[in-house]
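Report on the following structure.
The values are calculated or read from the model by the stated rules, or taken from the named source; none is laboratory data. Since the model is a prediction, treat every value here as computed from it, not as a measurement. Every residue, glycine as well, gets a Cβ built from its backbone with ideal geometry; the counts of neighbours run over all protein chains shown. To get the accessible areas, we keep the full protein, side chains included, count just its heavy atoms, and leave off ligands, DNA and RNA. Shrake-Rupley method; radii C 1.70, N 1.55, O 1.52, S 1.80 Å.
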Amino acid sequence: MKFKTLYQELVNSTETIRSLLADITQEESQIKPSPEAWSILEVTYHLYDVEREDFREHLDFILHRQNEKYHDIDPQSWVASRKYNEQNFDEVHEKFFGERWRSLEWLKGISNANWDGTYTSEYGSMSAGEMFASWVAHDNLHVRQLVELRRARIESISQPYSIEYAGDW
């Protein structure tokens, strides 16, 4: 695994997410393209929660704390139970980037990691390398989602004019 390259990917995706969240109002952040789709605010809150309670926590667990109990998470249910779409966008935005900075600093401090070290539970096995690579890939999943939400925003604020000339989406 190319740790330095993946670390830089995480840095880059952080800046991409920052750009995708720029100039979004509270009202715009809460727009859901469909009842089952997530809003920009829900995506942002999800990123904040998994930054704290999933990826960094579980990677640290696999690398350093396997004598402790691995805590279960349920990010899908958190959207409703934690009322993501009712939160203050600016606050959640700030919290996510604060947690991401802590993660990046923490990752810089990792040395001599056993990326092949695994943890096995009733859900299966996960190596530290898989956890870290999945963290980076997870950002890309939500970058794509945020790009789609930004495009829907552009389409909406461009009315009554069409954006069809831009090309097929």
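For residues in region 14-39 being open to solvent by less than 10 Å² (accessible area, probe 1.4 Å) and in a helix (DSSP H, G or I), which is nearest to G129 (Cα to Cα)?
The initial filter retains those residues of region 14-39 that are open to solvent by less than 10 Å² (accessible area, probe 1.4 Å), namely 14, 17, 21, 29, 39.
From what's left, in a helix (DSSP H, G or I): 14, 17, 21, 29.
Working: T14: 20, I17: 23, L21: 29, S29: 34 Å.
Out of the qualifying residues, it is T14.
Being more than 15 Å from L6 (Cα to Cα) and of a type in the set (S, T, Y) is true for just one of S134, S156. Which residue is that?
Unique residue meeting the criteria: S156.
Matching residues to (1) touching a Leu at 6+ places or on another chain (Cβ under 6 Å); (2) within 26 Å of E9 (Cα to Cα); (3) of a type outside the set (F, W, Y); (4) at pLDDT below 95:
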residue	(1), (2), (3), (4)
H58	no, yes, yes, yes
H71	no, no, yes, yes
F89	yes, yes, no, no
R102	no, yes, yes, no
E122	no, no, yes, yes
M126	no, yes, yes, yes
L141	no, yes, yes, no
Q145	no, yes, yes, no
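Scan region 52-90 for residues that are in a helix (DSSP H, G or I) and surrounded by fewer than 11 Cβ atoms within 10 Å (Cβ to Cβ) and report the count.
5
In region 110-118, is there at least one residue being more than 15 Å from N12 (Cβ to Cβ) and not in a loop (DSSP other than H, G, I, E, B)?
Yes, there is a match, as at least one residue in region 110-118 is more than 15 Å from N12 (Cβ to Cβ) and not in a loop (DSSP other than H, G, I, E, B).
Looking at Y165, Y70, Y84, Y123, which is the one that is hydroxyl-bearing (S, T, Y) and touching an Asp or Glu at 6+ places or on another chain (Cβ under 8 Å)? Full working, then the answer.
Values: Y165 fails: touching an Asp or Glu at 6+ places or on another chain (Cβ under 8 Å); Y70 fails: touching an Asp or Glu at 6+ places or on another chain (Cβ under 8 Å); Y123 fails: touching an Asp or Glu at 6+ places or on another chain (Cβ under 8 Å).
Criteria check complete, one pass: Y84.
Starting from region 10-37, keep only residues that are under 11 Å from H93 (Cβ atoms), then list their pairs with residues that are part of a loop (DSSP other than H, G, I, E, B) and hydroxyl-bearing (S, T, Y) whose Cβ atoms are within a distance under 7 Å, requiring at least 6 positions of separation or different chains.
S29/S39
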